[in-house]
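The values are calculated or read from the model by the stated rules, or taken from the named source; none is laboratory data. Quick caveat, the model's predicted, so the values are computed rather than measured. Heads up, the Cβs are rebuilt from the backbone with ideal geometry, glycines too, and the neighbour counts pull from every protein chain shown. Remember, those area values only see protein heavy atoms, side chains included, never the ligands or the DNA or RNA. Shrake-Rupley method; radii C 1.70, N 1.55, O 1.52, S 1.80 Å.
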There are 2 protein chains.
Amino acid sequence: MAMDKKLVEEITSMEVDFAQWYTDVVKKAELIDYSAVKGCMIIKPDGYAIWENIQHELDRRFKETGVQNVYMPMFIPESLLEKEKDHVEGFAPEVAWVTQGGLQPLQEKLCVRPTSETLFCDFYKGLIQSYRDLPKVYNQWCSVVRWEKETRPFLRSREFLWQEGHTVHATFEEAEERTVQMLNLYADFCEEFLAMPVVRGRKTEKEKFAGAEATYTIEALMHDGKALQSGTSHNFGDGFARAFGIQYTDKENHLQYAYQTSWGMTTRLIGAIIMVHGDNEGLVLPPKVAPTQVMVIPIQQKKEGVLEKANELCERLGRVARTKVDSSDKSPGWKFADCEMRGIPVRVEIGPKDIEAGKCVLVRRDTREKIECALDEVETKVTELLETIQKDMFQRAKDHRDAHIWDAKNYDELKDIAENKPGFIRAMWCEEQDCEDKIKAELAVTSRCMPFHDQERIAETCVCCGKPAKKLVYWGKAY
Amino acid sequence: MAMDKKLVEEITSMEVDFAQWYTDVVKKAELIDYSAVKGCMIIKPDGYAIWENIQHELDRRFKETGVQNVYMPMFIPESLLEKEKDHVEGFAPEVAWVTQGGLQPLQEKLCVRPTSETLFCDFYKGLIQSYRDLPKVYNQWCSVVRWEKETRPFLRSREFLWQEGHTVHATFEEAEERTVQMLNLYADFCEEFLAMPVVRGRKTEKEKFAGAEATYTIEALMHDGKALQSGTSHNFGDGFARAFGIQYTDKENHLQYAYQTSWGMTTRLIGAIIMVHGDNEGLVLPPKVAPTQVMVIPIQQKKEGVLEKANELCERLGRVARTKVDSSDKSPGWKFADCEMRGIPVRVEIGPKDIEAGKCVLVRRDTREKIECALDEVETKVTELLETIQKDMFQRAKDHRDAHIWDAKNYDELKDIAENKPGFIRAMWCEEQDCEDKIKAELAVTSRCMPFHDQERIAETCVCCGKPAKKLVYWGKAY
């Protein structure tokens, strides 16, 4: 039992040091490795397989709404990046610049895309002439680069993978509709597929995307009480269209500016999965996103018939779930710990006594509950169990989230909660940026969003200045 | 009929100017657009959908052989790129360099990956200790950058999409086996999925990959008689392992260097599809890779019941093939020409008279043959027709290829063929690079490969110097 102890002991407990626990899990569950390039990560097979599942499901949902995929160049000429004033101010400080191509210095330096609004605008300008050409609902899957100073695997790295949707519409209303549609698609995806409850809402002016008229966001609560922005959707109005000259002739033959949106989700979702569901034994993966859903572990595998039975179980279960068998020469104890570390939703234990009794043991990763199961019912039981785990994981995360939402009616309460109670803080706001700035500077919490579905007025006055309140805001410490 | 004429007339005939025909097709079939970055292309929805189908099928075939996907950083520090001498000499002249990150100059410049051997080696060095850690069979889907001077859409662009597999093995033999396995996988994929016959073989020393011990290739013949290298697979021996220090302890506890391979296919395959199958009406897509396999076109669609019937047909056919209906307000003639331009394998015409007669008309894109089909048999007939088209397209491409393979027994014959007969030239070679260099310099043909499956000795002496011949070589002009 020495080895399995060691495997588990190497993870720092999340209560002792959450940041270290997180780093331990991403490394020990073999999701990432560090690379020769500071701030850039290597996504290993088990990490990338999670991303493939996310991609596959999101892409399916996108295409149901009429999204078409394209691929744009990874480079943006400096002059193009500079065309929209707010946008370049937001991104220029954190881009990587290519200044040499082959053996020659470039005439104009190129940045590696931090996001592709400017490239899409330049493309759309040539593509769109008439109302017949609208809408355009394009998306790309790619990597982007932002030269961050502090980096953390999945959460903030200099290069990350994402999708970025960029759409063009004839009217502001249609753009707004698409913006909200995609935010809701993101939220449903997080809740249904990642078992991760989110708050849907609008960002304040201060926190919105560089160049947007409105930014919508989904915010999830991590196990340590910090918020993680998990997906955003932006309505650009006609701002980019005016900067880039994207115009179309309408049905009455008048020249009009077009309206645009963009929306994105990234590999940071993997960080969210870890911090919403993980525990001190390691990763806990919701069944729908888990690359391996079931691991069959033979007990006393050298005894006659055990390995055969384990392989047979693996084959049968393979028809209803993504199943593997661990027949390596490690001890069962080591395999149990390894399965737990990797967050595999269900492990199936089968040994000589089980075979004699015509049963096996199912063990849930999320609750560690052990369930006896007749061998001839295993497909049905495992299918049901995976569904139950998915549902329970969402409910548990939601209960945790709901138990960490605190109301603050005045500044003293806000201060007390910000300092002592991890989680979301609900508080009213006057909509003046001075108050938002003060709260951020003094209490180190930021406005996460003005929620869509929570219109309660918990006070009549701004939590900061005491003037009449206009909006309910969720505040929090954030990744 | 003015519009459909115009649509077709805008393509240059391939007999007049093949290069211009190619450019016209990629633009008019809406596969790509040019971007603000010289030499980088925008892959539009119809082009990207072809790539998605290629990706999906290749990835499925990879995974059947145990390949796991990962993601490596897009940047390579200069010192890492320089570790393997031949490799850096091959790539340094054509890489793009990042010299600034955020507002600061970088301490060490980073190149944007032209290929990722060096990154994988650096990763594997830390990952592999024991024979138990072998083999590693990793792959990534990403974009790479090579700062080419002359560029052409899909065939040669400064950024392109590809997959690059990188594997590590305990022995040379195992590495060799994987190298050949992947080349055969590529060849089967091209023949079965893209209906594109290929010659499988080995590159000469001169033409092999920078840093490889052996490079295997598949070579396809384009309609103009030029060859296109369509996929390569490299056996590195232990060369990279020695340069990077990738060692493992074997079962006898001895330290050994590991053996490696890499293999890749790119978006240039889309260029190959165009140039193998296309004609003067535009693109011709093999059914398996076609994003839309069937287009239903209503005739006199304003007459009662026609649109309903067309939509019903589309729905029924949607269950057996990727089907769309074109109910736009364009004329049928325009729609036919548009369908042909886009290379959609089958169009289904349905008008009032057809409905009355309980039939529709199927039109093959590849032969333009019209086939009457009873409405109640349409699913079966279309399914069969798609299979037939796939098979016929392969056979036609193979017949064309085989009719353009010429044998040269001596230099005069070689010169005559190189100057007058487009296609592959089979000729014997002494294995001296001087002869290879001379043929390239004087006749502008290069050695494409030494074939696996064609061991015929068409002469006893080298086609160039007359000394005893060792190998049969396929020569050709190449993209």
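Observations on the model:
- Qualifying residue in region A:372-386 (condition: among the charged types (D, E, K, R), open to solvent by less than 60 Å² (accessible area, probe 1.4 Å) and under 23 Å from the mean Cα position of the chain (by Cα)): no
- For region A:294-327, residues that are in a helix (DSSP H, G or I) and touching a residue at least 24 places away in the same chain (Cβ under 8 Å) total 6.
- One residue from A:A175, A:A212 being out of contact with any Lys or Arg (no Cβ under 7 Å at 6 or more places or on another chain), at pLDDT below 95 and over 24 Å from A:Y22 (Cα atoms): A:A212
- Where B:N69 falls short, out of the listed (1) closer than 30 Å to A:A49 by Cα; (2) open to solvent by 40 Å² or more (accessible area, probe 1.4 Å); (3) polar (S, T, N, Q): (2)
- Any hit, region A:260-277, residues being open to solvent by 40 Å² or more (accessible area, probe 1.4 Å) and more than 30 Å from A:A403 (Cα to Cα): no
- Condition check for B:E148: open to solvent by 30 Å² or more (accessible area, probe 1.4 Å) and modelled with pLDDT under 95: yes
- B:V284 vs. criteria open to solvent by less than 10 Å² (accessible area, probe 1.4 Å) and assigned to a loop (DSSP other than H, G, I, E, B): yes
- Whichever residue in region B:81-109 is of a type in the set (A, V, I, L, M) and open to solvent by 10 Å² or more (accessible area, probe 1.4 Å) and, among such residues, is farthest from the other protein chains (Cβ to nearest Cβ): B:V88
- Taken as a whole, region A:231-245 holds no residue that is of a type outside the set (D, E), surrounded by 24 or more Cβ atoms within 10 Å (Cβ to Cβ) and in a loop (DSSP other than H, G, I, E, B).
- Once region B:287-329 is narrowed to residues that are touching a Cys at 6+ places or on another chain (Cβ under 8 Å) and open to solvent by 30 Å² or more (accessible area, probe 1.4 Å), the residue that is nearest to B:L194 (Cα to Cα) is B:K324.
- Against the conditions (1) touching a residue at least 60 places away in the same chain (Cβ under 8 Å); (2) closer than 19 Å to B:L155 by Cβ; (3) assigned to a helix (DSSP H, G or I), B:Q20 satisfies every one except (1).
- Some residue of region B:413-428 being farther than 20 Å from B:A227 by Cα and out of contact with any helix residue (DSSP H, G or I) (no Cβ under 8 Å at 6 or more places or on another chain): no
- Qualifying residues in region B:50-66 (those that are more than 7 Å from chain A (Cβ to nearest Cβ) and more than 23 Å from B:L134 (Cα to Cα)) - the one most open to solvent (accessible area, probe 1.4 Å): B:H56
- Candidate set: region A:145-157, residues that are in contact with a strand residue (DSSP E or B) (Cβ under 6 Å, 6 or more places away or on another chain) and not aromatic (F, W, Y); chosen: the one farthest from the other protein chains (Cβ to nearest Cβ): A:P153
- Within region A:120-138, the set of residues being at the interface with another protein chain (Cβ under 9 Å from one of its Cβ atoms) and surrounded by 19 or more Cβ atoms within 10 Å (Cβ to Cβ) comprises A:D122, A:F123, A:Y138.
- Residue satisfying all of: in region A:230-278; touching a Lys or Arg at 6+ places or on another chain (Cβ under 8 Å), free of Cβ contacts under 8 Å to residues at least 60 places away in the same chain and not β-branched (V, I, T); nearest to A:N69 (Cα to Cα) among these: A:H234
- Exactly one residue out of A:Y257, A:Y248 is over 20 Å from A:I11 (Cβ atoms), open to solvent by 30 Å² or more (accessible area, probe 1.4 Å) and touching a strand residue (DSSP E or B) at 6+ places or on another chain (Cβ under 6 Å), and it is A:Y257.
- Answer residue from region A:19-47, given it is open to solvent by 20 Å² or more (accessible area, probe 1.4 Å) and facing another protein chain (nearest Cβ under 7 Å) and is nearest to the chain's Cα centre (by Cα) among those: A:D33
Residue-by-condition table, conditions (1) aromatic (F, W, Y); (2) open to solvent by 10 Å² or more (accessible area, probe 1.4 Å); (3) touching a Leu at 6+ places or on another chain (Cβ under 8 Å):
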| site | (1), (2), (3) |
| --- | --- |
| B:Q140 | no, no, no |
| B:W162 | yes, yes, no |
| B:T179 | no, no, no |
| B:Y186 | yes, no, no |
| B:E191 | no, yes, no |
| B:E219 | no, no, yes |
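- Residue identified as surrounded by fewer than 18 Cβ atoms within 10 Å (Cβ to Cβ) and touching a Pro at 6+ places or on another chain (Cβ under 6 Å) among B:K398, B:K421, B:K467: B:K398
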